Amino acid sequence: MMETKTRTEQILKVMRVLTWIAFIGYCIEAGAILFSYTLSYNNPEGARNFYNGLDLFDLREVSFWYYTQVVSFNVAVSIMKAYVFFLVIKIFTKIDLSDPFKMDLALRLEKISYVLFGLSIVGMISRGHTGYLLDITGVEYGLKFTGEFLFMAGLIFIISQIFKRGVELQSENDLTV
Amino acid sequence: MPIIVNLDVMMAKRKMSLNELSEKVDLTLANLSILKTGKAKAMRFSTLEAICKVLECQPGDLLEFSE
């Protein structure tokens with residue numbers, strides 16, 4: 001007989017750890033951006049090394065309002081990314097690999113696709129804002145998103161719908177005597 | 001669902017309990033209960049055959065169509 005046992009369980013264990021790392025990473029990122037922003041409120045030098053080498057000092061000197069907008073986009077994106085990983089962690093805590101097709105999980109997958117869609121919208125607005133700031137200041141300050149999150153949202157949405165069909169089939173299978 | 005399972009009627013006619021039927025047809029009590037309460041979405045031919053054999057009846061005695 002052909003061997004059909006997969007290494008899903010081991011792979012998911014590793015992915016669970018990586019998801020936690022990514023979640024904590026994005027939480028730290030959002031926290032660090034907010035912390036730097038709070039510091040730079042009174043001390044403009046704080047904007048020089050904002051987060052991970054990002055220098056917003058010149059922008060802060062041009063306009064504190066534009067500076068706040070760029071920071072807001074950065075924080076929003078970090079928080080939304082952290083939330084996506086939070087939802088994935090919740091899936092990992094709920095999933096029962098002996099009976100994985102549950103409606104609860106399908107709905108969570110769908111929710112992830114909606115959050116990713118929201119993230120892509122924020123990304124697009126941020127991109128427009130970056131272009132706007134480029135015209136004013138001559139320097140690119142914001143995030144440079146392309147359509148990757150929209151693509152991911154679409155992909156996860158399709159997977160969630162297939163998963164939902166799996167849930168229906170599983171329930172039919174359970175009720176076949 | 002328009003298909004009604006008359007398992008309880010046939011069991012009463014043959015004076016057989018759910019436990020006894022479960023042992024004789026080699027089905028779990030949970031599955032027989034799903035069948036008896038009309039929650040089942042499908043029934044295997046092998047299950048139908050086993051129940052018919054034990055209850056000495058025809059599939060038509062167990063299943064009924066009603067709109």
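One line per residue, one yes/no per condition, for (1) part of a helix (DSSP H, G or I); (2) open to solvent by less than 40 Å² (accessible area, probe 1.4 Å):
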position: A:29; (1), (2): yes, no
position: A:32; (1), (2): yes, yes
position: A:55; (1), (2): no, no
position: A:82; (1), (2): yes, yes
position: A:91; (1), (2): yes, yes
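For segment A:150-177, how many residues are within 14 Å of another protein chain (Cβ to nearest Cβ), open to solvent by 50 Å² or more (accessible area, probe 1.4 Å) and of a type in the set (A, V, I, L, M)? Break it down stepwise before answering.
Filtering segment A:150-177 down to residues within 14 Å of another protein chain (Cβ to nearest Cβ) leaves A:167-177.
When the remaining residues are screened for being open to solvent by 50 Å² or more (accessible area, probe 1.4 Å), the result is A:168-169, A:172-174.
Applying the additional criterion that residues be of a type in the set (A, V, I, L, M) yields A:169.
Total satisfying the criteria: 1.
Residue by residue through segment B:14-67, note down the ones that are in contact (Cβ under 8 Å) with a residue 24 or more places away in the chain, within 14 Å of chain A (Cβ to nearest Cβ) and of a type in the set (Val, Ile, Thr).
Result: B:25, B:51.
Look at segment B:1-28 and say how many of its residues are under 11 Å from residue A:177 (Cα atoms) and surrounded by 13 or more Cβ atoms within 10 Å (Cβ to Cβ). Reasoning before the result, please.
Filtering segment B:1-28 down to residues under 11 Å from residue A:177 (Cα atoms) leaves B:27-28.
From what's left, surrounded by 13 or more Cβ atoms within 10 Å (Cβ to Cβ): B:27.
Residues flagged as under 11 Å from residue A:177 (Cα atoms) and surrounded by 13 or more Cβ atoms within 10 Å (Cβ to Cβ) within segment B:1-28 amount to 1.
For segment A:127-149, enumerate the residues that are open to solvent by 70 Å² or more (accessible area, probe 1.4 Å), in contact with a Ser or Thr (Cβ under 9 Å, 6 or more places away or on another chain) and assigned to a helix (DSSP H, G or I).
A:127, A:136, A:148
Does residue A:87 qualify as being more than 22 Å from residue A:71 (Cβ to Cβ), without any contact (Cβ under 8 Å) to a residue 60 or more places away in the chain and within 20 Å of the chain's Cα centre (by Cα)? Give the steps one after another, and end with the answer.
Details: more than 22 Å from residue A:71 (Cβ to Cβ): yes; without any contact (Cβ under 8 Å) to a residue 60 or more places away in the chain: yes; within 20 Å of the chain's Cα centre (by Cα): yes.
Yes.
The values are calculated or read from the model by the stated rules, or taken from the named source; none is laboratory data. Keep in mind it's a predicted model, so treat the numbers as computed, not measured. Glycine also receives a Cβ, built like all others from the backbone with ideal geometry; neighbour counts cover every protein chain displayed. Side chains are part of the model used for accessible areas, which takes the heavy atoms of the whole protein and leaves out ligands, DNA and RNA. Shrake-Rupley method; radii C 1.70, N 1.55, O 1.52, S 1.80 Å.
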